[in-house]
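Structure record follows, encoded as structure tokens.
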Amino acid sequence: MFEIKTVRTYPDIYNECIEEAKQEQNNNARPSLSGTVADMGQYGKVFLCYPNWWGTLPMGVFTFLEAYDFSGKTMYPLVTHGGSRFGRSLEHIKKLCPRTALGEGLSVSAFDSNPNDSIRVSAPNRDVTAWLRKIGIAR
Ligand SMILES: Cc1cc2nc3c(=O)[nH]c(=O)nc-3n(C[C@H](O)[C@H](O)[C@H](O)COP(=O)(O)O)c2cc1C
């Protein structure tokens, strides 16, 4: 498990955060990441989990996908979103990783995963389990 984390943190204030993220997207930025995956070669399947930011991957995920060779692997995308599901992120993953097979993904609504609501939080858990079974990872 590797957490894609930018060196620079984003503002806690929502409006400031979305503004900064928008600027990064407009500038086609590649924010630096802290940490590296020691040996990506050992993995055949990669689960890429990210929030939908302005219709696609956060720019730090662009940095991540460009930093490693995912050729010959299968990538399974999991997006959390506020209504746009995958947006344009799958196209962008394909463009960044042209020699990587894209497996079936899962989109999880941020509104279904309110941690203060024990009923709704079970929906994504159930969806993730069903997805992992469908793609042959869980029994
Ligand atoms: C910078 C930013 C941009 C976002 N853009 C979108 C968007 O274009 N479409 C969408 O459905 N949700 C968008 N969202 C909502 C996020 O996808 C949602 O907050 C996230 O999936 C939930 O995870 P979190 O708790 O880590 O924020 C955006 C959120 C942020 C912070």
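Readers should treat all values here as calculations from the given coordinates under stated rules, not as data from a laboratory. Because the structure is a prediction, the values reported are computed rather than measured. With ideal geometry, Cβ positions are generated from the backbone for all residues, glycine too; neighbour counts draw on all protein chains shown.
Listed by chain and number, the aspartates and glutamates placed with their C-alpha closer than 15 angstrom to that of K45 are D69, E104; residues fewer than eight positions away on the same chain are left out. Among the trypsin sites (Lys or Arg not before Pro) in the stretch 7-87, those located in a DSSP loop and surrounded by at most 12 other Cβ atoms within 10 Å of their own Cβ are R8. The dipole here belongs to the chain: it is taken about the Cα centre, uses +1 on the Cβ of Lys and Arg and -1 on the Cβ of Asp and Glu, and is about 600 debye. Bridgeable aspartates and glutamates around K95 (alpha carbons under 12 Å apart, same-chain partners fewer than 8 residues away excluded): E66. The HN-Hα couplings worked out from phi for the stretch 18-35 by the Karplus form 6.51 cos²θ - 1.76 cosθ + 1.60 (θ = phi - 60°) are 5, 5, 5, 5, 5, 4, 4, 5, 4, 8, 6, 6, 10, x, 5, 10, 9, x Hz, whole numbers, x standing for Gly and Pro. Fraction of C-alpha pairs exceeding 18 angstrom in the stretch 1-98: 46 percent, rounded to a whole number.
Within the chain, what percent of beta bridges assigned by DSSP are antiparallel, to the nearest 5? Within the chain, antiparallel bridges account for around 20 percent of the total.
Based on DSSP H runs of at least 4 residues, each adding -39500 (n - 2.57), what is the mean residue ellipticity at 222 nm of the chain after dividing by all its residues, to the nearest 500 deg cm²/dmol?
-10500 deg cm²/dmol
For the stretch 35-139, GluC sites (Glu not before Pro) are listed when DSSP marks them as loop and at most 14 other Cβ atoms sit within 10 Å of their Cβ; the list is E104.
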